[in-house]
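Remarks on the structure that follows.
The values are calculated or read from the model by the stated rules, or taken from the named source; none is laboratory data. In this text, all values refer to a predicted model and were calculated from it rather than measured experimentally. Positions of Cβ are generated from backbone atoms using ideal geometry, with glycine treated the same way; all protein chains shown enter the neighbour counts.
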Amino acid sequence: MIKKVDHIGIAVKSLNDALPFYTDILKLELQGIEEVDSEKVKVAFLKINETKIELLEPTSEDSPIWTFIEKRGEGIHHIALGVDSIQDRIEEMKQNGIRMIHDQPKTGAGGALVAFMHPKSTGSVLYELCEKKGKVE
């Protein structure tokens, strides 16, 4: 069912301020930066073997990441679990009593299909199901 931890999402106020720690101090490879307009965020992916760190900077005050930072400060936002057949995984979660934030997958960063589980169903951890199509990992 779960193939791997695909990435760990970290909310930051500024990619420019946060990136030097990851690239210069931790020596992680920056794979790219992109905007996800639907979520009102700019994201940077850094590679650690098969897993990535996704830094999330809000681009608007009505971004979910802006709200997260205002309430909790910068820090870990979510853990993304790599899956195949995301719609089947969503249905499986619901059949097992897991409340989903998204009943249908939506397009996230890098063109991946994503859906979030509600943290009230997962021990207060925000988990993302993430299906990547046509990419060699």
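I need every pair where a residue in region 96-109 that is over 11 Å from Leu129 (Cβ atoms) has its Cβ under 8 Å from the Cβ of a residue that is in a loop (DSSP other than H, G, I, E, B), sequence separation at least 6 or different chains.
Arg99/His118
State which residue is farthest from Gly75 (Cα to Cα) when the search covers only region 1-31 and only residues that are part of a strand (DSSP E or B) and among the acidic types (Asp, Glu). Working first, answer last.
Here is the first cut: in region 1-31, the ones part of a strand (DSSP E or B) are 2-11, 29-31.
Those still in the list that are among the acidic types (Asp, Glu) too: 6, 29.
Working: Asp6: 18, Glu29: 20 Å.
Filtering region 1-31 for residues that are part of a strand (DSSP E or B) and among the acidic types (Asp, Glu), the one farthest from Gly75 (Cα to Cα) comes out as Glu29.
Being over 18 Å from Gly110 (Cα atoms) and modelled with pLDDT under 95 is the requirement here; does Ile48 meet it?
Working: over 18 Å from Gly110 (Cα atoms): no; modelled with pLDDT under 95: yes.
Answer is no for this residue.
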